[in-house]
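Following: one structure in structure tokens, then a few remarks.
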Amino acid sequence: MNANLSSLFWEGFTVDSFTHPAPDALLITLRPDPGFAPSCRRCGCRDCAVHDVSVRRIRERDLLHWRVTLLLPVRRLRCSRCGIATERISWLPERQRYTSSLATWVESLTRVAFRPFFTWLGPEGCAAIESVAMDMNTALDLEVRAQCPQAEVVYDLFHVVAKFGREVIDRVRVDQANQLRDNSKARKVIKRSRWLLLRNPENLPAGHEVKLAELLAANQPLNTVYVMKTALKELWYAPDKDVAQRRWNEWYRQSQESGIKALQQFADKLKGYVSGIIASATHHLNTSVLEGMNNRIKVIKRMAYGYRDNDYFFMKIKAAFPGKAR
């Protein structure tokens, strides 16, 4: 694969080498394209020096019968505006270990994967469905609306709040830390506060309530997004749709008046999903049981460092969820 062709798939990088670690696996090693200047992920500035480089294993979309993995050198840059920041890679979502093309491919397969379920239910079964709980997955959303147009979609609280944590709290925390480059002690406190800000207050270890209160009192932007996270959760506990709508209107207004760009952008994106949030006032659904099962499966996989035999892996999953005896 030549440099010009590889740039169609992985902008800013070229193929250095590739190997077949297994008959059905393809491992591609990439290297930075010398003709492509890296840019800061935060501000887009290209006038940056390379601070250090780390190699990540990234899952790419399958190629024919091969499972494709990339070895990607990711650079941290010294940006004159933002300090130390990871480079922006157009085809790699932030904090993820898979490419954008893989994410798009999987989303497109969602319709094919769930359609047999609706076929099995038949028209009568589909017509009996009143509501469906899900995360903010556009492909699944569209499939449900196509097969069960009468059903209300309910977006799960956990997924929305987790997304708020990644896109708002993490962003504000990093920005605030970067503004304190001349105060290393205060900067370190904010950089190490991630779990303090993301955890629910009732889940904080003993004594951490005081640390959280001190942190929020000392930093207004962090205090604002933390309070807004708590207010966001209240949308799911409204007694009826009218109250939920009023709570959303107030939450959105406050987000736009906050002056915090990350919060404003998140609120604007959330506007398109408001109906599924308000629907939770009528249909008290969530995906917690399913998420618990998914986490258990991840633990099973992690404990064995992966399985080469899929049949054995599925046998372990079935053993972990034997079901209820009738």
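Brief remarks follow.
- DSSP loop GluC sites (Glu not before Pro) with at most 12 other Cβ within 10 Å: longest gap in the chain: 131-326
- Of all lysines in the structure, those lying under 20 Å Cα to Cα from Lys316, and not within fewer than 8 positions of it along the same chain, are Lys298, Lys301, Lys324.
- Peptide ranges 263-273, 305-315 listed from the most packed, as the mean C-beta count within 10 angstrom indicates: 263-273, 305-315
- Count of Lys pairs (Cα-Cα under 17 Å; at least 8 positions apart or interchain) in segment 205-270: 5
- Working from label points 7 Å from Cα in the Cα-to-Cβ sense, the Asn295 to Thr282 distance is 3.1 nm.
- Counting 0.36 nm for each residue step from Phe36 to Gln96 and taking away their Cα separation leaves a gain of 19.4 nm.
- Using a probe of 1.4 Å on the protein chains alone, the accessible area found for Trp251 is around 10 Å².
- Neighbourhood net charge (12 Å Cβ-Cβ; Lys/Arg +1, Asp/Glu -1) for Ile169: +4
- Sites matching trypsin sites (Lys or Arg not before Pro) across segment 73-152 that sit in DSSP coil, with at most 12 neighbouring C-beta atoms within 10 Å: Arg95
The values are calculated or read from the model by the stated rules, or taken from the named source; none is laboratory data. This one's a predicted model, so the numbers in the text were calculated from it and none came from an experiment. With ideal geometry, Cβ positions are generated from the backbone for all residues, glycine too; neighbour counts draw on all protein chains shown. Side chains included, ligands, DNA and RNA excluded: accessible areas come from the protein's heavy atoms. Shrake-Rupley method; radii C 1.70, N 1.55, O 1.52, S 1.80 Å.
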